[in-house]
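K.L.:
Okay, handing you the structure first.
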Amino acid sequence: MDEVKKIVNDIKAGAIKPIYFLTGEEAYYIDKLAEYIEKTILSEEERGFNQMVLYGKDVTVDDIISNAKRYPMMAEHQVIIVKEAQHLSRTIENLAAYAENPQLSTVLVICYKYAKLDKRKKIYKAIKKTGVLFESKKLYENQVSDWIRKVLAGSGYTITPKAAILLVEFLGTDLSKINNELEKLKIVIPKTQEITPEAIEINIGISKDYNNFELKKALGERNVLKATRILNYFAQNPKDNPFVLTITLLNSFFTQLLQYHGLSDHSSKSVASALGINPYFVKEFQVAAKNYPMKKVSGIIAHLRDLDVKGKGVGANLSQEDLLKDLLVKII
């Protein structure tokens, strides 16, 4: 986020570069930067003659260069945004010569998603010298809840740690998808009110009681009744609660629990750092560690891997209900 802020602040200050090459696995920041440039560099009157959006599927690198070499009409700059430029990966190196000596009145934005340039190539070195080369890296799952908190704080909103984790569990690490849901929440929840799991359940439809987060907690506490209720709910609603998601999360939880057992320092700060989790959730591991000795945890991880294979139809053809029952028996 710091690099994104720097690019935006430089543009605001008038330090506009002739090339912005936006690359990487995380599409969210690529889209946001391209959108910001599209709406900021030119006035509304100037855009009609001096701004165009091209698509990598429909153009060649030569087409892009030809348009980039044109002069703006009654404006200081022209803006060319090339979306889906990753489709030009085989010929993108042909842009190197232009990148070495770009048209200074042109702002060329290349959206090169889900890929990155070879640092040894001429084009990489040329863009680093004359423009901006931004790599949008995918966040790890344990970083996304903090990202949610920071994004909301930037708009004057707050969210509980549990609510942030609930969003990550349900929506994954796709920042664009998460941001869309946050925008919905901002419409209905005032800034004076903290976003809670209850608010998420009402406005987004994610159950605050029957989800993988609560299942993990129930199993850690060896609360058989609660875990059974959640798994029954999953069995009745398989489309909203895919087995692969449940098994992946539980495998991650018990793997981290195994790591916890191996730590010499079990203080909240040390555990949070070692496991890469929010300090808010350290207590769950402290409770689970008392209920599951290291040897038991190792056995559970082996069972979970076996169930993961069965869930994919290898060596067995079990229904989700049968898989979930087996899961509970193997753990408890």
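The values are calculated or read from the model by the stated rules, or taken from the named source; none is laboratory data. The model shown is predicted, which means the values in this text are computed figures rather than measured ones. Backbone-built Cβ (ideal geometry, glycine too); neighbour counts: all protein chains shown. Just so you know, the surface numbers come from the protein's heavy atoms only, side chains and all, with ligands and any DNA or RNA stripped out. Shrake-Rupley method; radii C 1.70, N 1.55, O 1.52, S 1.80 Å.
K.L.:
Any idea which of Lys283, Lys217 is among the charged types (D, E, K, R), more than 22 Å from the chain's Cα centre (by Cα) and buried (at least 18 other Cβ atoms within 10 Å of the Cβ)?
P.N.:
Just a single option satisfies the conditions, and that option is Lys217.
K.L.:
What number of residues in the stretch 141-167 are out of contact with any Ser or Thr (no Cβ under 6 Å at 6 or more places or on another chain) and either part of a helix (DSSP H, G or I) or polar (S, T, N, Q) (or both)?
P.N.:
Adding up the residues that qualify gives 18.
K.L.:
Would you pick out the residues in the stretch 182-192 that are open to solvent by 30 Å² or more (accessible area, probe 1.4 Å), assigned to a helix (DSSP H, G or I) and closer than 13 Å to Leu152 by Cα?
P.N.:
Glu183, Lys184, Lys186, Ile187
K.L.:
Let me ask something additional. Identify, by number, the condition in (1) among the aromatic types (Phe, Trp, Tyr); (2) open to solvent by 40 Å² or more (accessible area, probe 1.4 Å); (3) touching a Phe, Trp or Tyr at 6+ places or on another chain (Cβ under 9 Å) that Tyr36 doesn't meet.
P.N.:
Among (1) among the aromatic types (Phe, Trp, Tyr); (2) open to solvent by 40 Å² or more (accessible area, probe 1.4 Å); (3) touching a Phe, Trp or Tyr at 6+ places or on another chain (Cβ under 9 Å), the lone unmet condition for Tyr36 is (3).
K.L.:
For the stretch 280-332, name all the residues that are farther than 30 Å from Gln143 by Cβ, touching a residue at least 12 places away in the same chain (Cβ under 8 Å) and acidic (Asp, Glu).
P.N.:
Of everything in the stretch 280-332, those that are farther than 30 Å from Gln143 by Cβ, touching a residue at least 12 places away in the same chain (Cβ under 8 Å) and acidic (Asp, Glu) turn out to be Glu321, Asp326.
K.L.:
Which condition does Asn179 not pass, out of (1) open to solvent by 30 Å² or more (accessible area, probe 1.4 Å); (2) out of contact with any strand residue (DSSP E or B) (no Cβ under 9 Å at 6 or more places or on another chain); (3) polar (S, T, N, Q), if it passes all the others?
P.N.:
(1)
K.L.:
While we're looking at this one, here's another question. From Ala199, Ala97, Ala126, grab the single residue that is open to solvent by 60 Å² or more (accessible area, probe 1.4 Å), over 18 Å from the mean Cα position of the chain (by Cα) and of a type in the set (Gly, Ala, Ser).
P.N.:
Ala97
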